[in-house]
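Single-structure report; data block below.
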Amino acid sequence: MRGALVALLAALIVGGWFLRASTPATPPDQGSAALVRIAQAFDDDYAANRDGAVWDLFDPASQAIISRAAYIERHARCSTAPGAATVLGARQAGRGWWHVTYRIDQVTLVDTWHRVAGRWRFSLWRSNPGAVRLYRMPLRAYLRALGCAR
């Protein structure tokens, strides 16, 4: 489990989405309140290994990276949930994209969301390109990379 957490955090850092803990979060405004609620539910589902619910909020480009069944299987075989997250806020990033800032332990991270057909959707491509690389690996290589191979 510790190896999986280290690999996940390394992917986040390499992906460029790690922020210093001192980075202030933008408090939610009227336009972002719904996104903050949805992002918190998303992070709660991720921490509780409700992987189908997490995948369901991926945008179409992210869903094309890995099927729902494969996503669930990989997370069942190698849990990578790093712990409970607290969403700190959301702010517009331009061109319809929003950044959601959240914290796990003392690490502050940013996910990227946007609306698809009127619904908030998570962008794996923009939030965690390291995970994209991992999900493109064959299952055995993925499990080895996260330290879950037997």
Residues in region 67-76: is at least one in a strand (DSSP E or B) and closer than 19 Å to Arg126 by Cβ?
no
Filter region 55-114 down to residues that are of a type in the set (S, T, N, Q) and in contact with a Phe, Trp or Tyr (Cβ under 8 Å, 6 or more places away or on another chain) and give me whichever is farthest from Leu134 (Cα to Cα).
Gln92
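Quick grid of which residues meet (1) surrounded by 20 or more Cβ atoms within 10 Å (Cβ to Cβ); (2) in contact with a Ser or Thr (Cβ under 9 Å, 6 or more places away or on another chain); (3) of a type in the set (A, V, I, L, M, F, W, C):
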position: Ala90; (1), (2), (3): yes, yes, yes
position: Trp97; (1), (2), (3): no, yes, yes
position: Thr101; (1), (2), (3): yes, yes, no
position: Gln106; (1), (2), (3): no, no, no
position: Trp113; (1), (2), (3): yes, yes, yes
position: Pro129; (1), (2), (3): no, no, no
position: Met137; (1), (2), (3): no, no, yes
position: Arg140; (1), (2), (3): no, no, no
position: Gly147; (1), (2), (3): no, no, no
Condition check for His114: at negative phi, in contact with a Gly (Cβ under 6 Å, 6 or more places away or on another chain) and assigned to a strand (DSSP E or B)
yes
Any pair with Cβ under 8 angstrom, 6 or more apart, that starts in region 63-90 at a residue that is on the phi > 0 side of the Ramachandran plot and ends at one that is part of a helix (DSSP H, G or I) and of a type outside the set (Ser, Thr, Tyr):
Gly83/Ala47; Gly89/Val36
Sole miss for Gly147 among (1) part of a loop (DSSP other than H, G, I, E, B); (2) within 18 Å of Ala33 (Cβ to Cβ) is condition (2)
Matching residues in region 128-144 - criterion: being among the aliphatic types (A, V, I, L, M) and either assigned to a helix (DSSP H, G or I) or in contact (Cβ under 8 Å) with a residue 60 or more places away in the chain (or both)
Ala131, Val132, Leu134, Leu139, Ala141, Leu143
Working carefully through the options Pro24, Pro28, find the one that is modelled with pLDDT under 50, buried (at least 17 other Cβ atoms within 10 Å of the Cβ) and over 15 Å from the mean Cα position of the chain (by Cα).
Pro28
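The values are calculated or read from the model by the stated rules, or taken from the named source; none is laboratory data. Since the model is a prediction, treat every value here as computed from it, not as a measurement. Reconstructed Cβ throughout: ideal geometry from the backbone, glycine too, with neighbour counts over all protein chains shown.
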